[in-house]
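The next block holds one structure in the form of structure tokens; read it before the comments.
The values are calculated or read from the model by the stated rules, or taken from the named source; none is laboratory data. Nothing here was measured: the structure is a model prediction, and the numbers come from that model. Every residue, glycine among them, receives a Cβ derived from its backbone with ideal geometry; neighbour counts consider all protein chains shown. Each accessible area value is taken on the protein alone, full model and side chains, heavy atoms only, with ligands, DNA and RNA left out. Shrake-Rupley method; radii C 1.70, N 1.55, O 1.52, S 1.80 Å.
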Amino acid sequence: MNQHAFQQVSQNSPEAIPIEVSRIEGREWWLWGFAVSVTLALTLGIMSFTFPWFNRETDVAYWFDLREWVRALAALVLLFDLYAIYQHLQLQRIRRQLAERDQLFQLISENAADMIALVDSDGRRLYNSPAYQKVLGYSPEELRATSSIEQIHPDDRQRVLKAAEKARLSGQGERVEYRMRHKDGSWRTLESTACAIRNARGQTDKLVIVNRDITERKRAEEMLVHNALHDGLTNLPNRALFLDRLQHALTLSKRHSNYKFAVLLIDVDEFKIINDSLGHTAGDELLIQIGQRLKDCVRRADMVSRPRISDIPGRPTNDDTLARLGGDEFAMLLDDIRDPIEAVRVAERVQAELVTSFVVNKQEIVISASIGIASSTSPHTQAEDLVRDADIAMYRAKRAGKARCEVFDTAMHANAVKRLKLETDLRKALDQGEFRVHYQPIVSLETGKITGFEALTRWQRPEGLLPPIEFIAVSEEIGLIVPMNRQLLREACQHLRSWQTEFPSSPPLTMSVNITPKEFAQPDLASEIRKSLEQTGVDPGCLQLEIIETIAMGDAEKSGHVLSQLKALGVRLSIDDFGTGYSSLSRLRRIPVDTLKIDRAFILHMDSDPDSREIVRIIIMLAHNLGLKVVAEGTETQQHINLLKQLNCEMAQGYFFSRPADDQDMLKRLARNHSARATSVGR
Ligand code: C2E
Ligand code: MG
Ligand code: MG
């Protein structure tokens, strides 16, 4: 234990003590000076009385007699003694305080969990607290044999030396984090502050360094950062980290024109089906395996001898080039490519790699992926924009038939902008009530009377009424169709109810509404329909739900379940646009539909094309065999009506009777229909 060191440290702290000590020491010098002066004066005084040559007659009048002298001197000596005793007591008090502080410092440093060190100006160790052995494993002898800088990580040495230099110059160093080697070879992270001990001349000759072991805290922090930037399932970088790396690459490419890269957005085709059929655990396992394969692809893509043009500092490292953006979407950053064609080649390799079957839960799974590519040659400066471009290209690949790759181009961008605007406008339109319901009468070919209506949406825009072809598909994709059609259903039911009251008939008027795949997949479809029927007081038997063939014939178990739920409500079901999709006759027999609506494409060419006429005849015959009614859509001419009547078709709908129009128009037609007869209906 270096007692001297403690003394030095203690004297330096707190600041007031050395000042007081030097003041009292100064006074001690003064005291000594005073004592010597008094002694000299006393000696000279006694000598003047003792030696004859000092005793001059003429001076007698001026000198005190001996008694006065002795009295005065005695008083002076007494005063001096008192003052000396007082100063001595003061010094004793201060020395006691210093000893106490020494002891306190010793106690603290010996028992502190933090490592306390004292080093000289050359970095030589003068003292290390016992915590050093506990934290770093070195014995005091081992520490004494080495310099303080030796165990510091080479990469951190400069920073530590700089901080020490600052402490030396300013007295107090900055907090610095660095790594120090444990005796077992591992690295511990320390947080340290240094302060200087100055000598009497104000020069720094020692540093006290307090080190705290923050290895565990650092590890926990690193884990938190890792979790925030990585996907928990695949442990690949997540969207945030990918965007960060991409932003770096993008900034780099703007600065160095010869540095190019590409972004690949990889989306697994029909992943939802795999997830739904095999369960989410198997889906997760598959995603992990896909991530692993893509990782191998990145590694191989990197090994393919793409000449490295740019050895630019800050280039993304390989580890960061593959990410999982979420769900079944992965992204790859192809760094330092010469031509976008290289990205296409890598995309093809990725597709080839993913085509080989996966084994999950002992089950073989075959997948494909659609890939969108965007390259750094785009004018974008934001990473998100580049990912969005790749996303647009990826969607194009999906629409073009999946298992493909597409490179983003400017036409795609223009389309995407248009589409984005349409989506925004559609959402606003719903809030602002811009959708209108138009109705088209469905007419009985036997009586010529209106038996019901089909409700069809229109969008009221400043430029006029927009037909559904312009917006239904997008509404379906963004899910807006669900609230949109709920509104429509309620309004159509309200109108039907009031028309039924005003124009009673037997059977009562019906209302047909179209159900899209998205709506069909809503778990609350049946309950929503029931609510609308209850609120408007419409008899469920008067509501016809039109479903296209592909939904009705889709996944037997699922669609069968929904169809029977709907049927249980008492509503009627029609298959819309019949003949355009794929229908299995055996399925058709088993699903609870009431009506087939023949697609207008067949009706339209019925008079000129014998094949169409034959198809219509077969459909009607088939429907009748199955006990279903038939509605012919798109009837435009008297000839259509005549032919359909010959084929025993029950009902028709088309411009021949009426174009779709608003409720006021329908009201007038109903009034005429009620009094007049047959084929003149609505014309
Ligand atoms: P759809 O259900 O087959 O409706 C019939 C379509 O044929 C309507 O087109 C109608 O205007 C049109 N049409 C009727 N008669 C004739 C005719 O004689 N000649 C010709 N060329 N066309 C005729 P619209 O209103 O443009 O609707 C198109 C499709 O949009 C509808 O086909 C339906 O699938 C969908 N749709 C319309 N409104 C809605 C809606 O409110 N909800 C849902 N889910 N789908 C809707
Ligand atoms: Mg329809
Ligand atoms: Mg139709």
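Below are the figures for this structure:
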{"quantity": "Chain lengthening between S139 and D296 when straightened (0.36 nm per residue, less Cα-Cα)", "calculated": "51.8 nm"}
{"quantity": "Segment E100-S608, length gained on full extension (0.36 nm per residue, minus Cα span)", "calculated": "171.2 nm"}
{"quantity": "Gain on full stretching of the segment that runs from D205 to V225 - 0.36 nm per residue minus C-alpha separation", "calculated": "3.1 nm"}
{"quantity": "Residues of the stretch 622-679: accessible area per residue with a 1.4 Å probe, Å²", "calculated": "49 Å²"}
{"quantity": "Probe 1.4 Å, all protein chains present, accessible-area order of W32, W459, largest first", "calculated": "W32, W459"}
{"quantity": "Overall dimensions of the chain by Cα: Rg and Dmax, Å", "calculated": "48.2, 175"}
{"quantity": "Calculated P(r) tail over 21 Å for the stretch 112-220, as whole % of Cα pairs", "calculated": "30 percent"}
{"quantity": "Surface share of carbon and sulfur [accessible, 1.4 angstrom probe, percent] for the stretch 468-530", "calculated": "57 percent"}
{"quantity": "Assigned charges on the beta-carbon of Lys, Arg, Asp, Glu; the chain dipole about Cα centre (debye)", "calculated": "220 debye"}
{"quantity": "Efficiency of FRET between A473 and D431 - r from beta-carbon atoms, R0 22 angstrom, step 0.05", "calculated": "0.60"}
{"quantity": "Estimated vicinal HN-Hα couplings, Hz - the stretch 435-443 in sequence order (Karplus 6.51, -1.76, 1.60; Gly, Pro = x)", "calculated": "8, 10, 9, 10, 10, 10, x, 10, 10"}
{"quantity": "Heavy-atom surface of the stretch 336-406, accessible at 1.4 Å and reported per residue (Å²)", "calculated": "49 Å²"}
{"quantity": "Over 22 Å between alpha carbons, listed pairs K597/K645; K418/K597; K272/K567; K398/K518", "calculated": "K418/K597; K272/K567"}
{"quantity": "Gyration tensor (alpha-carbon) shape descriptor, the stretch 557-671, a/c threshold 1.5", "calculated": "oblate"}
{"quantity": "Heavy-atom surface of the stretch 71-219, accessible at 1.4 Å and reported per residue (Å²)", "calculated": "59 Å²"}
{"quantity": "For E454, residues with placed amide H under 5 Å, excluding near neighbours", "calculated": "Q440, I442, S512"}
{"quantity": "Lysines with Cα under 24 Å of K218, excluding same-chain neighbours fewer than 8 positions away", "calculated": "K134, K162, K183"}
{"quantity": "Of all accessible heavy-atom area on the stretch 65-217, the percent that carbon and sulfur account for (1.4 Å)", "calculated": "56 percent"}
{"quantity": "Among 356-364, 609-617, 426-434, 259-267, the order from most to least packed when residues are scored by Cβ within 10 Å on average", "calculated": "259-267, 609-617, 426-434, 356-364"}
{"quantity": "Sites A568 and V366, calculated FRET efficiency, Cβ-Cβ separation with R0 45 Å, nearest 0.05", "calculated": "0.75"}
{"quantity": "Per-residue HN-Hα couplings for the stretch 167-174 [Karplus 6.51, -1.76, 1.60; θ = phi - 60°; Hz; x = Gly/Pro]", "calculated": "5, 4, 7, 9, x, 10, x, 7"}
{"quantity": "Mean Cβ neighbour count within 10 Å, used as a protection proxy, ranking 657-670, 509-522 highest first", "calculated": "509-522, 657-670"}
{"quantity": "Point-to-point label distance, A521-V36, nm (Cα→Cβ direction, 7 Å offset)", "calculated": "10.5 nm"}
{"quantity": "Cβ-Cβ FRET estimate between N235 and V359, R0 fixed at 22 Å, reported to 0.05", "calculated": "0.60"}
